[in-house]
Amino acid sequence: MRIITLLFLLLLPFILHAQSPVSSRASAVGEAAVAFQDMNSLFFNQAGLANLDELGGIISSERRFLSDALNTFSGGFLIPTDAGNFGLSINYFGFSAFNQQKIGLVYARRLFEKATIGAELNVQNYRIPEYGNFAVFSMELGLQYELNDALIIGAHISNPIQQELVEDENLSTRLNLGLAYLVSDKLSLFAETEKDIDTPFRLKAGLEYQPISILYLRFGIGTAPTLTNFGIGLKISEQLKIDLSSSYHQQLGFSPGISIIYN
């Protein structure tokens, strides 16, 4: 166990910058999710939650590269009100020798007819049993603008004011900018660019096709690292949806995931 812990300490700068909440719908379209307008927006752009008018909840899990040490669990709920929509998001990553937890309070509302805004205040805790715990506060800000009935632009920034984690190591700042193009009632296209202050640009793109009312087919790709993504969505009822996904890395393998959404 000590060897594993020391290995994670060596990899700590990479781990701290890499982990984020997961959802299977987002994963299946290459994580090009900054213009989503559903419960998945709880994790990728809080502004997308302003369009929702029903109480909702989501739970998600992903087993990254089929490793027990790289499990991620995410969940949360949304409460619409006349003063805006309020929510809570929770994320857990890791295993017994290293884990990270994040809890966030979320708020979203319509700014004017075509624009929505959202924000999240987080506390993030990092735990290494043999070396102790440390926690930091951070925030996220999001914006969406509907150019027309078919085209939505989204922007999101995480940790705009860099918080120090440990000496010479800061919580990463990440900017996402992308769009959703609703080609028809059955086909949607997504594209996004992501820039972490400490890493190269990532490009992400995906599509979602609904051949029948209860089934969604999804495909996506991403760079830095190069990933191929795919998945399906099942509309069990008007209230219940189940999404399944997996990404594939040529050297590291598959990362299967599942999400359950209830409105």
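The values are calculated or read from the model by the stated rules, or taken from the named source; none is laboratory data. In this text the structure is predicted, and so the values were computed from the model without any measurement. Neighbour counts run over all protein chains shown; Cβ positions are idealised from the backbone, glycine included.
Figures for the structure shown
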| quantity | calculated |
| --- | --- |
| Exclusive hit being over 16 Å from Phe36 (Cα atoms), of a type in the set (A, V, I, L, M), at pLDDT 90 or above and over 17 Å from the mean Cα position of the chain (by Cα), set Ile161, Ile232 | Ile232 |
| Tally of residues being touching a Pro at 6+ places or on another chain (Cβ under 8 Å), at pLDDT 90 or above and of a type in the set (Ser, Thr, Tyr) across segment 74-100 | 2 |
| Subset of segment 50-63 that is of a type in the set (A, V, I, L, M) and within 13 Å of the chain's Cα centre (by Cα) - its residue that is surrounded by the most Cβ atoms within 10 Å (Cβ to Cβ) | Ile58 |
| Every residue from segment 201-213 that is under 19 Å from the mean Cα position of the chain (by Cα) and surrounded by fewer than 17 Cβ atoms within 10 Å (Cβ to Cβ) | Phe201, Leu203 |
| Strands (runs of 3 or more DSSP E) lying entirely in segment 142-245 (those with 3 or more residues that are touching an Asp or Glu at 6+ places or on another chain (Cβ under 8 Å)) | 151-158, 174-182, 187-196, 202-212, 215-222, 227-235 |
| Pair list, Cβ under 6 Å, 6 or more apart: segment 80-105 residue within 19 Å of Ser23 (Cβ to Cβ), other residue buried (at least 16 other Cβ atoms within 10 Å of the Cβ) and of a type in the set (Lys, Arg) | Asn91/Lys102 |
| Residues within segment 64-112 that are over 24 Å from Asn263 (Cα atoms), charged (D, E, K, R) and either in contact with an Asp or Glu (Cβ under 7 Å, 6 or more places away or on another chain) or surrounded by fewer than 19 Cβ atoms within 10 Å (Cβ to Cβ) (or both), tallied | 1 |
| Segment 246-263: number of residues that are in a loop (DSSP other than H, G, I, E, B) and either closer than 22 Å to Pro80 by Cβ or in contact (Cβ under 8 Å) with a residue 24 or more places away in the chain (or both) | 3 |
| Search result, residues across segment 45-99 that are under 28 Å from Thr193 (Cα atoms) and among the hydroxyl-bearing types (Ser, Thr, Tyr) | Ser60, Ser61, Ser67, Thr72, Ser74, Ser89, Tyr92 |
| Ser172 vs. criteria within 30 Å of Phe134 (Cβ to Cβ), in contact with a His (Cβ under 7 Å, 6 or more places away or on another chain), buried (at least 17 other Cβ atoms within 10 Å of the Cβ) and modelled with pLDDT under 95 | yes |
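Condition check ((1) among the β-branched types (Val, Ile, Thr); (2) more than 24 Å from Ile58 (Cβ to Cβ)) across all residues:
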residue	(1), (2)
Gln163	no, yes
Val183	yes, yes
Glu192	no, no
Gly233	no, no
Ile236	yes, no
